[in-house]
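The values are calculated or read from the model by the stated rules, or taken from the named source; none is laboratory data. Everything numeric here is computed off the predicted structure, so don't read it as measured data. Counting neighbours? That spans all protein chains shown, and the Cβs are built from the backbone with ideal geometry, glycine included. Accessible surface areas use protein heavy atoms only, side chains included; no ligands, DNA or RNA. Shrake-Rupley method; radii C 1.70, N 1.55, O 1.52, S 1.80 Å.
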Amino acid sequence: MNRTVLDLWVGFFVAIGIAALLFLALKVGNLSASNFAETYVLQAKFDNIGGLKVRGPVKSAGVVVGRVANIQFDATTYEAVVTMSIDTRYRFPKDTFASILTSGLLGEQYIGFDVGGDERMLKPGETIAKTQSAVVLEKLISQFLFNKASETPEQQK
């Protein structure tokens, strides 16, 4: 094998390696445009979204059915308005319950859909009426400590 052919093969494998690293970086950052499925928009209002981020997953029964498209603050109701892009293959009843959940103890936050039993389906652009905000770990700890501190010595036994 002469030097030119060897250099060509090395360059070819280096280019494949760089492309693979770029692909992995985009996948890890949820920035890849590999999902070309058609979507429709749903909205939900939450009192507290915790660490939810744009491009965060929307799951139902553990399956990713969409992504968070936008997060805004409604100055009139003082709530966070989360806009979600849902894959058109999936339809949800009007009484679907949207909760902000955490993967694991300290993992990423996502929106979980608990499906209801209504026969009418949510239409594109509608707002999910039933929501549960994120559980903030700091609030839980402070409530626990405050309750422990307010107990009398007889109650602590």
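Whether a residue is surrounded by 10 or more Cβ atoms within 10 Å (Cβ to Cβ) and under 10 Å from the mean Cα position of the chain (by Cα) was assessed, and V82 does not pass this test. Answer with yes or no whether R91 is on the phi > 0 side of the Ramachandran plot, modelled with pLDDT under 95 and basic (K, R). Spelling it out, it is not the case that R91 is on the phi > 0 side of the Ramachandran plot, modelled with pLDDT under 95 and basic (K, R). In region 122-138 there is at least one residue matching the filter, namely being open to solvent by less than 30 Å² (accessible area, probe 1.4 Å) and over 14 Å from K45 (Cβ atoms). The condition of being among the acidic types (D, E) and surrounded by fewer than 14 Cβ atoms within 10 Å (Cβ to Cβ) holds for only one of D87, D95, D74, that being D74. The requirement of being within 14 Å of the chain's Cα centre (by Cα), closer than 30 Å to A20 by Cα and open to solvent by 80 Å² or more (accessible area, probe 1.4 Å) is fulfilled somewhere in region 108-119, by at least one residue. Hey, S103 hits all of (1) over 28 Å from Y40 (Cβ atoms); (2) open to solvent by less than 70 Å² (accessible area, probe 1.4 Å); (3) free of Cβ contacts under 8 Å to residues at least 12 places away in the same chain but one; which does it fall short on? In the conditions (1) over 28 Å from Y40 (Cβ atoms); (2) open to solvent by less than 70 Å² (accessible area, probe 1.4 Å); (3) free of Cβ contacts under 8 Å to residues at least 12 places away in the same chain, S103 misses (1) alone.
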